[in-house]
Amino acid sequence: MRRQLANNQIAMPSDLKRVNRHKILEVFRSGETLTAADIHEATHISRPTVMRALQHFCKTGVLKSVGLGNATSVGGKKPEQFTFGDNRKILSISLWPQTITFALCGLVGDISELTQYEHELENDLEAAFASLNSYVQDYYREQKITTKDLYGVVLNLPGTVDYDRLLLRYNPKAPGWGTDIAMEPHLRAIFGDDVALFVDNAGKAVGRAVLLDNPEYNERRLLTVFSTWGISACMIERGHVLNGRDSLIGEIGHAVISDSVETTCTCGKSGCLESLVSIKRIRQMLKDAGDEDLGTGEKVTFQSLFAASENGHKLARSIVGYVAHCFATVMHNLALTYNQDTVIFQGDFAYADRHFDECLKQELSQFRYFEGEPGFTIDYDRRQLTKLAARGDSALMQRLYFASFIND
């Protein structure tokens, strides 16, 4: 009996054209100057198809011809050379509780010109964007650019985002902004109507950046843990960031892990991971224990706590063990629903000591389904969070830019 294929299983010529265009543009992501022969060798697409695509991309302005190269070793016609043709930039902005960070990136390549300003995030929405506009103008003057030099702007900040409508659902670090905030009008007032815009969650921007240096992660279920002013996660399945209808996928800081603790979280619930392992709670635990060896008040940081634990400080090791227990509870539950292959800590908890790592893995290994091992690898990424956020957001905008030419 002959099997009939459904319409959506048949490869149409237009599908093949999109696939070929995508492969060809990916070769130019390196910023190199290439000939049709170079592209044919890299993609195995026929030279006539390559030339048609190159002509199309030159017409749209994404590529440009830079003249003839050298003849081959056996002589013959000199080949025409092509390179990326759009010199506009991507501006990444991290609008965080204590800082505003700007970074420029070309439409190919990595970020440059990262500048950070110390700044307290205003709780009034209009004041916050008026302040942001002032910093943007300062940055323009420093970099000698204008909005006309930009292709797009990416703003990442705390809170959950409706990516389709550019709505900020809620910013827990600026509750006075309200809920379901339309971000586009505020950004258009600063950047005008001719730039592409994207609004991102800070933790997801940081998490997305790990794919740039570790391409093998594109084949895994990855969980990055963002920890600085709060705790969230970026859940990436085979290179795709999971968000969900209300963009709540990954908000592990608000996972309730204890019903016996009355500490209220910014989300309104009690017993959340974020409130139970906050630096405020850690400082209170040290104060209640009457131990001043580690310092008091603002002097105690996660880095100093982990350093003391590494050096054998008894109370520090006890608190670190408690923190590891809290994370193990969340990781155990995530394994049942997400079944992650790799967990990467970023930010404060990336500086965890061996005691934290041993406690975390030992508790996870007690789960019998893991057969004596945690069931997933655990890594610690100590790179600068703001730089990672800029890299993650710029890479996303680059991908959106190239995708817009594939379907033309």
Open item on the list: Would you confirm whether or not region 49-60 contains a residue that is more than 28 Å from Asn156 (Cβ to Cβ) and small (Gly, Ala, Ser)?
Closed with: yes
Open item on the list: Anything in region 330-341 that is among the β-branched types (Val, Ile, Thr) and modelled with pLDDT under 95? List them, or say none.
Closed with: Thr337
Task: From the options Asn218, Asn311, residue that is more than 18 Å from Leu360 (Cα to Cα), under 23 Å from the mean Cα position of the chain (by Cα) and of a type in the set (S, T, N, Q) - done: Asn218
Open item on the list: On the basis of being surrounded by fewer than 16 Cβ atoms within 10 Å (Cβ to Cβ) and modelled with pLDDT of 90 or more, does Leu273 make the cut?
Closed with: no
Task: Only listed residue being farther than 30 Å from Glu219 by Cβ and either under 30 Å from the mean Cα position of the chain (by Cα) or of a type in the set (Lys, Arg) (or both), chosen from Ser275, Ser260, Ser247, Ser318 - done: Ser275
Open item on the list: Quick check on my filter: what residues within region 112-137 are touching a strand residue (DSSP E or B) at 6+ places or on another chain (Cβ under 8 Å), open to solvent by 30 Å² or more (accessible area, probe 1.4 Å) and not hydroxyl-bearing (Ser, Thr, Tyr)?
Closed with: Glu113, Leu114, Gln116, Glu118
Task: Filter pass, Glu126 being touching a residue at least 12 places away in the same chain (Cβ under 8 Å) and either closer than 20 Å to Met397 by Cβ or of a type outside the set (Gly, Ala, Ser) (or both) - done: no
Open item on the list: Whether any residue in region 368-380 is of a type outside the set (Ser, Thr, Tyr), outside any loop (DSSP other than H, G, I, E, B), in contact with a Lys or Arg (Cβ under 9 Å, 6 or more places away or on another chain) and under 25 Å from Thr101 (Cα atoms) is what I want to check.
Closed with: no
Open item on the list: Can you confirm whether Glu363 is acidic (Asp, Glu), over 18 Å from the mean Cα position of the chain (by Cα) and surrounded by fewer than 18 Cβ atoms within 10 Å (Cβ to Cβ)?
Closed with: no
Task: Condition check for Ala196: exposed (fewer than 15 other Cβ atoms within 10 Å of the Cβ) and modelled with pLDDT of 95 or more - done: no
Task: In region 245-270, the residues that are in a loop (DSSP other than H, G, I, E, B), among the hydroxyl-bearing types (Ser, Thr, Tyr) and surrounded by 15 or more Cβ atoms within 10 Å (Cβ to Cβ) - done: Ser247, Ser258, Thr263, Thr266
Open item on the list: Looking at Leu212, Leu286, Leu242, Leu222 in this structure, which one is on the phi < 0 side of the Ramachandran plot, surrounded by fewer than 20 Cβ atoms within 10 Å (Cβ to Cβ) and touching a residue at least 24 places away in the same chain (Cβ under 8 Å)?
Closed with: Leu212
TODO: Mind telling me which of the residues Thr101, Thr83 ends up being among the polar types (S, T, N, Q), in contact with a helix residue (DSSP H, G or I) (Cβ under 9 Å, 6 or more places away or on another chain) and more than 19 Å from Gly159 (Cα to Cα)?
DONE: Thr83
Task: Lone qualifier among Val343, Val320 - being in a strand (DSSP E or B), touching a residue at least 24 places away in the same chain (Cβ under 8 Å) and farther than 30 Å from Gly152 by Cα - done: Val343
- [ ] Within region 208-224, identify whether any single residue is closer than 20 Å to Pro97 by Cα and not charged (D, E, K, R), and answer yes or no.
- [x] no
- [ ] Give the residues of region 76-121 that are assigned to a strand (DSSP E or B), touching an Asp or Glu at 6+ places or on another chain (Cβ under 6 Å) and among the aliphatic types (A, V, I, L, M), sorted by residue number.
- [x] Leu104
Open item on the list: Please go through region 98-111 and give me each residue that is under 18 Å from Val206 (Cβ atoms) and either of a type in the set (Gly, Ala, Ser) or surrounded by fewer than 17 Cβ atoms within 10 Å (Cβ to Cβ) (or both), ordered by number.
Closed with: Gln98, Thr99, Ala103, Asp110
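The values are calculated or read from the model by the stated rules, or taken from the named source; none is laboratory data. Treat the numbers as computed from the prediction; the structure is a model and nothing was measured. All Cβ positions, glycine included, derive from the backbone under ideal geometry; neighbour counts span all protein chains shown. Just the protein is used for accessible areas: all its heavy atoms, side chains included, with ligands, DNA and RNA removed. Shrake-Rupley method; radii C 1.70, N 1.55, O 1.52, S 1.80 Å.
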